[in-house]
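The values are calculated or read from the model by the stated rules, or taken from the named source; none is laboratory data. Computed from a prediction, not measured in an experiment: that's the story for all the values here. All Cβ positions, even for glycine, are placed from backbone atoms using ideal geometry, and neighbour counts span all protein chains on display. SASA here: full protein model, heavy atoms, side chains in, ligands and nucleic acids out. Shrake-Rupley method; radii C 1.70, N 1.55, O 1.52, S 1.80 Å.
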Amino acid sequence: MSETIKIKYFTDAIEKLTYIDGKSDWIDLRAAEEVTLAKGEFRLIRLGVAMQLPEGYEAHIVPRSSTYKNFGVIQANHMGVVDCSYCGDNDEWRFPALAVRDTTIHVNERICQFRIMKNQPRLVFEETAHLNGPDRGGFGSTGKQ
């Protein structure tokens, strides 16, 4: 079953979004502006799209695996979350880039990716003095003896 997502493009300079079935369910996003950053500089890079997500869904935005290697930027918030209420005519998605070296990102270069996720179900937290699962040894203990 497919979901239909309404999308508005702010420029014709980037390729239209495509869903590549069978390869990955992450969809690439592209820089919609030419950006030159000096080491240590921060910039919200325009991605050239706004979307109207279905009620009860959100988009998760992360860098592509090659973004750091190719451009020397990291995503300042590490993962962006766009909820379904961010859907107005001027609600363009952006990538919060922090440069770790001098760099230039050209229009239409793939800098991040997103996927649409169903919102978390309603949760109730029940306090307890002990948990019944096996004790794995604490944070960072996997695979260590």
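Structure values in brief
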| read-out | value |
| --- | --- |
| Residue list for region 107-125, filter: assigned to a loop (DSSP other than H, G, I, E, B) and basic (Lys, Arg) | ARG122 |
| Residue in region 112-124 that is within 12 Å of LEU47 (Cα to Cα) and hydrophobic (A, V, I, L, M, F, W, C) present | yes |
| Test: residue in region 124-131 that is over 17 Å from the mean Cα position of the chain (by Cα), open to solvent by 50 Å² or more (accessible area, probe 1.4 Å) and under 25 Å from SER24 (Cβ atoms) | no |
| Listing of strands (runs of 3 or more DSSP E) fully contained in region 1-95 that carry 1 or more residues being more than 17 Å from the chain's Cα centre (by Cα) and surrounded by 15 or more Cβ atoms within 10 Å (Cβ to Cβ) | 6-9, 35-37 |
| Condition broken by LYS118, with the remaining ones in (1) over 19 Å from SER2 (Cβ atoms); (2) open to solvent by 60 Å² or more (accessible area, probe 1.4 Å) satisfied | (1) |
| Single residue of THR104, THR128 found to be part of a strand (DSSP E or B) and out of contact with any Phe, Trp or Tyr (no Cβ under 7 Å at 6 or more places or on another chain) | THR104 |
